[in-house]
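The values are calculated or read from the model by the stated rules, or taken from the named source; none is laboratory data. These numbers were taken from a predicted model, which means no experiment stands behind them. Cβ placement follows ideal geometry from the backbone for every residue including glycine, while neighbour counts extend to all protein chains displayed.
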Amino acid sequence: MNLRGLRFLIFGGGGFIGGHVVAQLLQYGAKVRVFDRSPPQIDHPNLEWTIGSVDRIELLQPLTRGVDFAAYLVSGGVPADGAQIESQLRENILLPLELARACDASGVKRFVFASSGGTVYGMDSDVPIRENHPCWPKNAYGISKLACEHYLRLLGNTSDMATISLRISNPYGERQVARGGQGFIAAAMEHVLAGRPLVIWGDGSAVRDFIYVGDVAKAIISACLYQGTEPVMNVGSGAGISLVGVLDEMNRSLGIRPKTLFEPQRKVDVRMNVLDTRLAAELLGWKPAVSLSQGLNITYAWWKTRADPKADPV
């Protein structure tokens, strides 16, 4: 992929997914602007980095000028944060919409929003879920993500800037640190290295769609370059595995397995969530390339480089 001459603005470019997107963009020759609350971890001639909070709109508006594509990858809470409804409304709806409007006014061609394929559908399905599946989120996080999708679709239909929301399943990989019950694979590795038992809500039979973060980054970049009008696409592996199955695979691939404690099932969790990714394959030319076994090996190699890992309850 040759992106020389193209200019990207990444909100949240210092985060878990954003960091991988930025690294790939630079690798492909793009010019990248990042706005994030943390300082940069790399130095590159094609990288501009501004530190601040996304609610400082007066800092952000100038950054939208002279940019071809923008992506909002800011982490606005986690699904279990039921008490943080106000902050999720702000970070998952109001802020991305205000930034999208600023991007539109500056002539940005496309705005990509990182939505949540793991929460917007909110219902069990025995088959991979397609984008036209009914959406009944079971938590405030999923509701806020879904609402922003619709507002961005409306903006895309009424302005010169195209918008697209990517419903990302369960990303994992280097740089991810588990928090608030999110990031099961990161939590499992963190607890193994810390020698603490891993809490699993339910009996571990819940099925999820785990996707390696490098593949997610490629999907986001492909969505920026997309020329069509589809407003929403799934991004996942297309294959489900239970939580206990993940631990079994860790044992097979890495020879490690955390001790586990099982707690009662939470109301915010669904039994099965696997995404159908045929639309992204057809329209973006994107497919995941890293298997779960490969991804686990890459992720564990990164975790072993971390000094004094501390495991928090998940």
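Odds and ends about this structure:
- Among the criteria (1) at negative phi; (2) under 16 Å from the mean Cα position of the chain (by Cα); (3) part of a loop (DSSP other than H, G, I, E, B), the one residue 266 does not fulfil is (2).
- In region 139-160, the qualifying residues are those that are of a type in the set (S, T, N, Q), assigned to a helix (DSSP H, G or I) and surrounded by fewer than 23 Cβ atoms within 10 Å (Cβ to Cβ), and the one that is nearest to the chain's Cα centre (by Cα) is 157.
- Here 285, 255 are screened, and the one residue that is over 21 Å from residue 196 (Cβ atoms) and surrounded by fewer than 20 Cβ atoms within 10 Å (Cβ to Cβ) is 285.
- Whichever residue in region 104-133 is under 18 Å from the mean Cα position of the chain (by Cα) and among the aliphatic types (A, V, I, L, M) and, among such residues, is nearest to residue 213 (Cα to Cα): 114
- Residue within region 58-68 that is closer than 23 Å to residue 226 by Cβ and of a type in the set (Gly, Ala, Ser) present: yes
- Qualifying positions in region 106-144 - without any contact (Cβ under 8 Å) to a residue 60 or more places away in the chain and either touching a Ser or Thr at 6+ places or on another chain (Cβ under 6 Å) or among the acidic types (Asp, Glu) (or both): 106, 111, 113, 137
- Scanning region 27-81 for residues that are under 25 Å from residue 165 (Cβ atoms) and acidic (Asp, Glu) yields a count of 4.
- Hey, residue 124 modelled with pLDDT under 95, more than 24 Å from residue 176 (Cβ to Cβ) and assigned to a loop (DSSP other than H, G, I, E, B) or not: yes
- Number of the condition not met by residue 104 [criteria: (1) assigned to a helix (DSSP H, G or I); (2) in contact with a strand residue (DSSP E or B) (Cβ under 8 Å, 6 or more places away or on another chain); (3) buried (at least 24 other Cβ atoms within 10 Å of the Cβ)]: (3)
- Any hit, region 209-220, residues being surrounded by 15 or more Cβ atoms within 10 Å (Cβ to Cβ), charged (D, E, K, R), under 19 Å from the mean Cα position of the chain (by Cα) and farther than 30 Å from residue 161 by Cα: yes
- Residue ID - modelled with the lowest pLDDT, chosen from residues in region 127-143 that are closer than 24 Å to residue 88 by Cα and among the hydrophobic types (A, V, I, L, M, F, W, C): 140
- Every pair of residues 6+ apart whose Cβ atoms lie under 6 Å, when the first sits in region 9-35 and is under 18 Å from residue 215 (Cα atoms) while the second is surrounded by fewer than 24 Cβ atoms within 10 Å (Cβ to Cβ) and among the hydroxyl-bearing types (Ser, Thr, Tyr): 14/38; 15/75
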